[in-house]
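One structure is given here, and the rest of the page talks about it.
The values are calculated or read from the model by the stated rules, or taken from the named source; none is laboratory data. Please read these numbers as outputs of a predicted model, since none were measured by experiment. For neighbour counting, all protein chains shown are included, and Cβ atoms are generated from backbone atoms with ideal geometry for every residue, glycine included.
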């Protein structure tokens, strides 16, 4: 008997919540839910979930705060943010706090299921056997997802390391946005997916590894071709 993966859906709009519960039960998941931020946080911290779908606007405790609290306890927990706000500032906030992905309302059920499955099926990229990843003067502890050799260390998400490892393994050439979506996120039709996820992750990484993120030396843009991690 195959054990079902357990999801937690935290969403305060009852119609959306019930619809999402039904969709993921149909797709073979064991689904837990909460319609309140306080209850959602309690469940997230007290039980094990394969993935958490987390709305931003919630009663009592907002999704950003919940995401931050989860990350303080578990840096590995897969989280996808659901947001009615599609501004870049809100997206950056969610990803900065450690969300693996975001999806803006209104969304298609097909795309949401795709996002969930691709986050769950993290690419098995080369490099994780390396205990320390060094980029310039930045050293990253790949097991604990944290920067070394500094008094104010940055923490890194697993997705950010996925990107860095993939770029490092192809450092002899630029890597396109579409290739990153296909190889790191696992999207099979990256050319038709409307998302700024790659751009936002690159911007976040530059703030962590570059001395001047506006004039990057290591994670550079190759105009018209994509991104390259300079050895």
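Observations, loosely collected:
- Here the range 6-29 is the region considered, the condition is being closer than 17 Å to residue 51 by Cα and surrounded by fewer than 17 Cβ atoms within 10 Å (Cβ to Cβ), and the residue that is nearest to the chain's Cα centre (by Cα) is 6.
- Scanning the range 131-143 for residues that are assigned to a loop (DSSP other than H, G, I, E, B) and in contact (Cβ under 8 Å) with a residue 24 or more places away in the chain returns a single hit, 136.
- Here 211, 163, 202 are screened, and the one residue that is modelled with pLDDT of 90 or more and not in a helix (DSSP H, G or I) is 211.
- Residues located in the range 154-169, provided they are more than 19 Å from the chain's Cα centre (by Cα) and crowded, with 16+ Cβ neighbours inside 10 Å: 168
- Matching option when the condition is in contact with a helix residue (DSSP H, G or I) (Cβ under 7 Å, 6 or more places away or on another chain) and not assigned by TED's automatic domain parsing to the domain that holds residue 160, among 109, 116: 109
- Take the conditions (1) assigned to a strand (DSSP E or B); (2) surrounded by 22 or more Cβ atoms within 10 Å (Cβ to Cβ); residue 66 misses just one of them, which is (1).
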